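Working notes, structure below.
The values are calculated or read from the model by the stated rules, or taken from the named source; none is laboratory data. Because the structure is a prediction, the values reported are computed rather than measured. Note: ideal-geometry Cβ built from the backbone for every residue, glycine included; neighbour counts use all protein chains shown. What goes into the accessible areas is simple: the full protein's heavy atoms, side chains included, and nothing from ligands, DNA or RNA. Shrake-Rupley method; radii C 1.70, N 1.55, O 1.52, S 1.80 Å.
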Amino acid sequence: KLLGVMIEDIDLSCYKKKMPVEHQKKILVLFDCKLFDDDAYAWLRKEAASQAERQIEPKQIFIHLLNLLIQNKFEIPSYHRLAELITHVYYEFERGLLTKIRKKLREKDKKLLDTLLNEDDANHSTLLNQLKTINQSTKPKAIQASLALFDTVKDYFLRLKPVIDSLNFSPSGSAYYATWMQ
């Protein structure tokens, strides 16, 4: 528009295949930016991995990575490439957690966890569902029932504490998985 060129007058068939690459190089030089190459990708992957370990939300990681690229004057890759990088980093992190769990979880721990999924005939719900519901009533019977559920949670926690500790969760990591479970 500034040059007075009409869009109808542009013939993209004359645009040579190498021209976009040449234009990209000129734009990077003009803005004093570095090409987003394999080294930059590896650096960004490490940054994303450290964020994933702290269980930062993917959207926040995405914004953080964009800010890093801008601050360090790197070319911004496509949304798809960044989203794929974050997804892979999360998958790797969670695979690592699963490996730790498999190594630490004993057979009796597995049986204990299975009891969370057994359906209670009286309530027609699993113990896990019962534990997720918090009764805030101040009636004595409700308080006793809440205390009984608390004791159940405490017993499960204490028996599984070595496995939980091996995962080395940050507080935000614990909150993330607790919310996910809920």
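The amide H of Phe169, built 1.01 Å from its N in the peptide plane, has no neighbour under 5 Å, considering only residues 5 or more places off or on other chains. When Ile134, Ile76 are compared by accessible surface with a 1.4 Å probe, the order from highest to lowest is Ile134, Ile76. Descending by average beta-carbon neighbour count within 10 Å, the peptides 62-73, 104-115 line up as 62-73, 104-115, the highest first. Residues of the range 40-57 falling in the label zone of Ile63, defined by backbone nitrogen less than 11 Å from a point 7 Å along Cα to beta-carbon, are 57. Between Ser174 and Asp37, how high is the FRET efficiency from 1/(1 + (r/R0)^6) when r is the Cβ-Cβ distance and R₀ = 35 Å? Nearest 0.05. According to the calculation, E is roughly 0.40.
Shown in residue order for the range 8-19 are the 3J(HN,Hα) couplings computed by the Karplus curve 6.51 cos²θ - 1.76 cosθ + 1.60 at θ = phi - 60°: 5, 7, 8, 10, 6, 5, 7, 6, 6, 4, 7, 4 Hz (x for Gly and Pro).
Evaluating 6.51 cos²θ - 1.76 cosθ + 1.60 at θ = phi - 60° for every residue in the range 31-39, the Karplus couplings come out as 8, 6, 10, 9, 5, 7, 9, 4, 5 Hz, glycine and proline recorded as x. For Phe74, the residues whose amide H sits under 5 Å from its own are Lys34, ignoring neighbours fewer than 5 places away on the same chain, with H placed 1.01 Å from N. Here r is the Cβ-Cβ distance between Gln144 and Leu113 and R0 is 22 Å; the resulting FRET efficiency, rounded to 0.05, is 0.25. Straight-line cross-link reach from Lys108 at under 24 Å between alpha-carbon atoms covers these lysines, not counting any fewer than eight positions away in the same chain: Lys100, Lys132, Lys154, Lys161.
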